[in-house]
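The values are calculated or read from the model by the stated rules, or taken from the named source; none is laboratory data. Computed from a predicted model, the values in this text were never measured in an experiment. Cβ sites come from the backbone with ideal geometry, for glycine too, and all protein chains shown count toward neighbours.
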Amino acid sequence: MDQAQSSQQDAQSAPVCYRHPGRETGVRCTRCERPICPECMVSASVGFQCPECVRDAVGTGHAPGASRPRTIAGGTVTADPRLLTKILIGINLAVFVLVQIRPLVLYDLVLRGEWPPASLAPTEGVVAGEWYRLVTSMFTHEAIWHIAFNMLSLWWLGGPLEAALGRARFLALYLISGLTGGALTYLLASPTTASLGASGAIFGLFGATAVLMRRLNYDLRPVVVLLAINLIFTFTWANIAWQAHIGGLVGGLVIGYAMVHAPRERRALVQYGVCALTLVVVVGVTLLRTAQLS
């Protein structure tokens with residue numbers, strides 16, 4: 001009897017989303033009071049609502065199509081909340097296959113400050129004006145274990161974040177986090193060392209996930225433990241660009257905070273303003289390092 005009562009109390013203390021039974025949540029729809037997870041949360045004037053209540057416009061007197069449902073960050077709720085995550089994974093896989101077929105393409109995509117070394121007059125690299133490497137390196141992998149780990153992380157972190165932020169905000173978070181990681185790598189790493197991989201962007205997703213979970217009063221321990229393990233690998237394994245990981249993490253924390261804490265009345269201005277300022281920092285760091293190496 002005592003065991004049954006204890007189990008019942010545990011169940012009551014950890015409700016699950018009514019649309020995704022496997023996800024525990026502490027948030028309820030302000031209209032129907034059913035538990036909802038981040039993927040199902042629609043930002044309302046007070047609290048959050050479930051997609052069904054928003055779609056049916058329960059108790060508002062408005063037609064169902066009068067207003068579009070919004071995520072916690074103000075993005076539009078979409079039919080496929082993982083579409084961009086799937087596209088990003090697809091791009092990474094396509095580039096990986098291309099590199100396997102034509103290995104020499106790899107040298108045109110990786111992040112490299114300058115090559116050959118300065119004493120031999122640089123002919124390629126960011127210092128020579130090839131800024132595109134800050135972007136292409138984010139989608140480039142050489143080893144199967146590298147892309148497998150990064151794509152699993154992107155699927156695990158990207159889907160919930162895309163659902164919570166909306167597509168445009170999620171894409172901005174992903175790309176700018178990757179760029180901050182690339183810029184810090186360019187600034188601190190040896191200019192002749194090649195860097196590649198989506199790890200900077202992935203660490204940005206880690207940072208934003210922690211901010212979002214904190215905002216929703218979720219248990220932070222799982223993501224903190226996983227992040228700690230990844231940081232241990234970052235600083236103990238050889239041939240890992242720790243600068244990309246730390247730069248991406250900082251970028252994700254900053255942008256993620258702006259996304260979920262921006263005041264409603266000027267939400268877009270704050271969110272995209274922070275994104276723009278972060279890009280200004282990326283450009284400034286890149287120009288500074290280029291001046292040092294020139």
Against the condition part of a helix (DSSP H, G or I) and under 21 Å from G182 (Cβ atoms), how does G284 come out, does it pass?
yes
Mind checking which residues of region 212-226 are over 20 Å from M151 (Cα atoms) and surrounded by fewer than 16 Cβ atoms within 10 Å (Cβ to Cβ)?
R214, N217, D219, L220, R221
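Matching residues to (1) part of a loop (DSSP other than H, G, I, E, B); (2) over 21 Å from V135 (Cβ atoms); (3) out of contact with any His (no Cβ under 9 Å at 6 or more places or on another chain); (4) of a type in the set (S, T, Y):
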position: L157; (1), (2), (3), (4): no, no, yes, no
position: A164; (1), (2), (3), (4): no, yes, yes, no
position: G181; (1), (2), (3), (4): no, no, no, no
position: L187; (1), (2), (3), (4): no, no, yes, no
position: A201; (1), (2), (3), (4): no, no, yes, no
position: L226; (1), (2), (3), (4): no, yes, yes, no
position: L231; (1), (2), (3), (4): no, yes, no, no
position: T234; (1), (2), (3), (4): no, yes, no, yes
position: N239; (1), (2), (3), (4): yes, yes, yes, no
Taking the options G284, G197, G248, name whichever one is closer than 23 Å to A73 by Cα and of a type outside the set (A, V, I, L, M).
G248
Could you list all residues from region 263-294 that are closer than 19 Å to L184 by Cβ and of a type in the set (K, R)?
R289
Going through region 174-211 one residue at a time, which ones are surrounded by 24 or more Cβ atoms within 10 Å (Cβ to Cβ), touching a strand residue (DSSP E or B) at 6+ places or on another chain (Cβ under 8 Å) and of a type in the set (V, I, T)?
T185
Taking first residues from region 123-151 that are outside the structural domain of L188 (by TED's automatic domain parsing) and second residues anywhere that are exposed (fewer than 14 other Cβ atoms within 10 Å of the Cβ), the pairs with Cβ under 6 Å that are 6 or more apart or on different chains are none
Considering (1) touching a residue at least 40 places away in the same chain (Cβ under 8 Å); (2) closer than 28 Å to R70 by Cα, say which one A241 fails and leave the rest.
(2)
Of all residues making up region 29-65, the number that are at pLDDT below 70 and part of a loop (DSSP other than H, G, I, E, B):
13
Considering every residue within region 132-154, establish whether at least one is assigned to a helix (DSSP H, G or I), among the small types (G, A, S) and within 15 Å of the chain's Cα centre (by Cα).
yes
When region 71-106 is checked residue by residue, the ones that are part of a helix (DSSP H, G or I) and touching a residue at least 12 places away in the same chain (Cβ under 8 Å) are L83, L84, T85, L88, I89, I91, N92, L93, V95, F96, V99, L106
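For R68, state whether it is in contact with a strand residue (DSSP E or B) (Cβ under 6 Å, 6 or more places away or on another chain), surrounded by fewer than 19 Cβ atoms within 10 Å (Cβ to Cβ), over 21 Å from L154 (Cα atoms) and modelled with pLDDT under 80.
Yes, satisfied.
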Given (1) part of a helix (DSSP H, G or I); (2) touching a residue at least 12 places away in the same chain (Cβ under 8 Å), Y218 misses just (1)
